[in-house]
Amino acid sequence: MEYQTRRYPLFSACGLNCALCPRFHTAGSSRCPGCAGEGFSAVHPSCGILSCCQRKGVEYCFQCDAYPCKKYDGADLADSFITHRNQFRDMESARQGGMDAYATALCEKAGLLNKLLKDFDDGRRKGFYCAAVNLLDLQDVKDVVSRIEAETNPETAPKDKASAAVRLFEQMAGTRGISLKPRKSPKPA
């Protein structure tokens, strides 16, 4: 199915932050362009939620009278490439504050993530950084990035920069009661 291009493909119809997903930050054929971004159908030929939204003429599920519907049963219990933990909170934030304000904050987070991937990655931290930036509040991410910059310099080895970043993100997450580890699907009873 060919999907209509969306105004903000970096925030999915179902409430995931595509701009903070490891697949968005991947080069090659597995790269995702964001929800209904250019070339989306080649990577995701079928998306029931996006199809439903487009049939109903809404850009986001939270704009539908039936939201949250049965498609969301258990949606926030496990993670895929991207964490689903804040999916409902983020959609509520976008609904309450408006998409322009939400998109501005998301773009700021995406910029910080890009900086982390460019300046503080040892080649093994993309998933960790994506989860940390996604799960922590914007101000917490800014604070951690500032602390990483203060503790490292351009001559610091990439492995040491990444270790400092992981330590500081885990400390911040710990003070907020947030686990940065991906959650697996619950086993059936």
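The values are calculated or read from the model by the stated rules, or taken from the named source; none is laboratory data. The shown structure was predicted, so the numbers you read here are calculated from the model rather than taken from an experiment. Ideal geometry is used to build each Cβ from the backbone, glycine not excepted, and the neighbour counts take in all protein chains shown.
Scanning the stretch 55-77 turns up no residue that is outside any helix (DSSP H, G or I), within 14 Å of the chain's Cα centre (by Cα), surrounded by 12 or more Cβ atoms within 10 Å (Cβ to Cβ) and aliphatic (A, V, I, L, M). Using the structure shown, decide if Pro9 is within 17 Å of Cys107 (Cβ to Cβ) and not hydroxyl-bearing (Ser, Thr, Tyr). Criteria met by Pro9. Of the numbered criteria (1) closer than 15 Å to Gly15 by Cα; (2) of a type outside the set (D, E, K, R); (3) surrounded by fewer than 20 Cβ atoms within 10 Å (Cβ to Cβ), the one Gly123 fails is (1). The set of residues in the stretch 147-157 that are out of contact with any Leu (no Cβ under 7 Å at 6 or more places or on another chain) and closer than 22 Å to Cys21 by Cα is empty. Inclusion of Gln87 among residues that are crowded, with 19+ Cβ neighbours inside 10 Å and either closer than 24 Å to Asp140 by Cα or at pLDDT below 90 (or both) is warranted.
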